[in-house]
Amino acid sequence: MGRIVLGNMQFHSKIGVSEEEQINGNDFTVNISFEADTQTPGMSDNIEDAIDYSIVYELIKQEMNISAKLIENVAYRIMKRLKVEIPQIGRIQLSIYKNNPPLSGKVGYSGIEING
């Protein structure tokens, strides 16, 4: 087993509680790492033995394009979908950060980090 990482994926998504966030959206950064068999593809050098990163990215992108009020909702949807559609994925670590959240002070990001 090994850990596969996709980091600093950038999305503009309509995720947030306020009406402005639902209309104009925000910029988000998504990071994911997950356990997977890395020995078999490491020995074979064959993509058919590996998890295709582009599929993981596309599934995350699709979920980030669905409007939601809470990033917690989006994070759990991403995790559930990946485990259903790519069952060879093991334990997932996922973070979603809202860049420059609309708060009353200067905040670089707010976010959620989940494991499962």
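Things worth noting here:
- Loop trypsin sites (Lys or Arg not before Pro), the stretch 33-82, which have at most 16 other Cβ atoms in a 10 Å radius of their Cβ (DSSP): K69
- Angle in degrees between helix 71-85 and the longest Cα principal axis of the chain, rounded to the nearest 10: 20
- Principal-axis analysis of the Cα atoms of the chain puts helix 53-64 at an angle of about 20° to the longest axis.
- Mean separation of Cα contacts under 8 Å, 6 or more apart, over the residue count of the chain: relative contact order %: 28
- Treating each Cα of the chain as one equal point scatterer and applying the Debye formula with no solvent, the log10 of I(q)/I(0) at q = 0.10, 0.21 Å⁻¹ comes out as -0.33, -1.11.
- Fluctuation leader among D52, D37, D27 - the chain, Gaussian network, Cα springs under 10 angstrom: D52
Read-outs throughout are calculated quantities, based only on the coordinates presented, and are distinct from any laboratory measurement. The structure presented is a predicted model; accordingly, all values stated were derived computationally and were not measured. Every residue, glycine among them, receives a Cβ derived from its backbone with ideal geometry; neighbour counts consider all protein chains shown.
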